[in-house]
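Presented below is the structure to which this report refers.
Coordinate-derived values only; no laboratory data. Note that this is a predicted model, so its numbers are computed, not measured. In this analysis, Cβ positions are derived from the backbone assuming ideal geometry, glycine residues included, and neighbour counts consider all displayed protein chains.
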Amino acid sequence: MHTDTSDTPDSQLEAYALGALDAADRAAVEQQLAESPERRAELRRLREVVAMLPYAVALADPPADVRERLFDRIAASRPAAPARPAAPAPARRPSRLMPAAMAILAALLIALGGLTMSLGSQVAGLDRSNRQLVDTLGQMQQILAQTQGQQGELAAQLATSREEIRSLSARLREDQYVISFVSAPGVATRDLSAASASLLARGEMYMYPGEASAVVIFSGLPALAPGQVYQFWLADESSQVAGGTFAVDETGLATLVVEAPREVNAFRQVMLTVEPTGGSVHPGQQVVLQGSL
Amino acid sequence: MARVAGGDTDALDLLYHRYARVVYGLALRILANPQHAEDVVQETFWRVWSRGATFQITGGSFPPWLFGIARNHCIDELRRRQARPATRPGDDSDILLAIPDGQPGVDDLTWEGERRRLIISALADLPDDQREVIELAYFNGLSQREIAERLNNPLGTVKTRVRLALQKLKGLLEHLNGE
């Protein structure tokens, strides 16, 4: 076996035009042709030369039925084709190349058919998978939306719970303060009685001589109409000082921590009135409880 | 060819009348079998008819495309047979050297006859070894490597002969193709 690897694709162009290259060499030349318009032009010139070679052999007229079969075939391939040119009509003979070509074509069609069915099956399978994924995605999105809704509700509940905790904590601190206040040694108590005999309400005030703080525990207070609150007052001969407002629920119980502007025992009287929400500057006429210090 | 690509059977008929005898002669030379050569003629012009649009797209002149189709059919048939008709000693060089004796025949009075006379004249100007590789490559469908093995020559030598032969033929025939 002789080998020669020194040739460039350029030097192989003549052999390429002549059809005398192996597959690997053909590929190398074709790659070069793809990149060089000049080489493509040279190849066209060489092919013109090669196309002269058939004239070097003895020319011969093919039998007339060759042409006849050709145009029959063309007519059969195109139902609407115009009539073929007139020509002698010798006995027709089927092409010997046709059976092989038809067999190859049939095999190709069968293979393509199988491939098409296979691809069709794969596409259908992928389509089913795709639809399942879309359905699953939709379900997940729905679950996510529900979860987000629940999360929102839980967040609201959590906020409410925190507010309740804060409120309860404040209440607890207040109660602890009240308990410690009313149970401390030296505490003095004063009773607040109902201003009207029909009321069952009463109050008990806990205070320390010389201190401005006091605690008042109420019971039996009737619930008020909307827009009304109870307001506590401390009074002496010359002034009336508001000591805080509050509302009661259906239990009628309430505890009020009073922070007076001066020591509580400096005042002479206390009373509880009904006032508009937000409280009043001066006590109104609707007195519920009253007492002396 | 534009008319053929457009479905004009009259145009195909014109091409058939002009080139069928060249194609048939080529197929006879390569296949050495009249029936197979007839099939090549029919398959070649069927391809011209059914693939005319391909030629329109790729461009170039018509004879190289047509004869390329015909030769490929022949070589494919040769390979199907798994035997080459020109393996008998003496066949390889007979045809191209069968230059007419100078007596004007019918072909010489036609356009194709003029072309035949010119190519034969140009081939006759080639050294024998160059003409031989052209013969083996084009008419016997051998690659350069197969030619080297057949002739027991270095591959590089065969390549050089092919290159020189084609370039010389090109120089001799350029004026013809330029007409």
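So if we plug the beta-carbon distance of A:M140 and A:R171 into 1/(1 + (r/R0)^6) with R0 = 41 Å, what FRET efficiency do we get, rounded to 0.05? Spell out each step's value before the answer.
Values: r = 44 Å, r/R0 = 1.08.
With a Förster radius of 41 Å, E is 0.40.
Can you give me the long-range amide H partners of A:G244? Hydrogens built in the peptide plane at 1.01 Å from N, cutoff under 5 Å, separation of 5 or more residues or another chain.
A:F232
Hey, what do the phi angles of segment A:12-23 turn into as Karplus ³J(HN,Hα) couplings, whole Hz, using 6.51/-1.76/1.60 and θ = phi - 60°, x for Gly and Pro?
9, 5, 5, 5, 5, 5, 7, x, 10, 10, 6, 4
Read phi for every residue in segment A:215-223 and hand back ³J(HN,Hα) as whole Hz from Karplus 6.51 cos²θ - 1.76 cosθ + 1.60, θ = phi - 60°, with x for Gly and Pro.
Result, ordered by residue: 10, 10, 10, 10, 8, x, 7, x, 5 Hz.
Give me the inter-chain shielding for A:67-73: mean count of other chain Cβ atoms within 10 Å, whole number please.
Working: counts 7, 1, 5, 13, 7, 1, 6.
The shielding value for this peptide is 6.
Averaged over B:128-138, how many beta carbons belonging to a partner chain fall within 10 Å of each residue's beta carbon? Present the calculation step by step, with values, prior to reporting the outcome.
Details: counts 0, 0, 0, 1, 0, 3, 6, 2, 1, 8, 8.
Mean partner shielding for this stretch: 3.
May I ask you to derive the relative contact order of segment B:1-83, considering only C-alpha pairs under 8 Å and at least 6 residues apart, and to give it as an integer percent?
37
Return the sequence-ordered ³J(HN,Hα) values of segment B:137-150 in whole Hz as given by the Karplus equation 6.51 cos²θ - 1.76 cosθ + 1.60 applied to θ = phi - 60°, using x for Gly and Pro.
Once θ is set to phi - 60°, the couplings for segment B:137-150 become 6, 7, 8, 9, x, 8, 7, 4, 5, 5, 5, 4, 5, 4 Hz.
What are the residues whose amide H is under 5 Å from the amide H of A:A195, where those residues sit 5 or more places off or on another chain and H is modelled from the backbone?
Answer set, sorted by chain and number: A:L289, A:Q290.
Non-local amide H neighbours of A:Q228 (under 5 Å, H modeled in plane, Pro and chain starts lacking H): which ones?
A:T277
Please compute the average number of Cβ atoms from other chains found within 10 Å of each residue's Cβ in peptide B:26-33. Write down the numbers at each step before the final one.
Values: counts 8, 4, 5, 6, 2, 0, 0, 1.
Mean shielding by partner chains, rounded to a whole number: 3.
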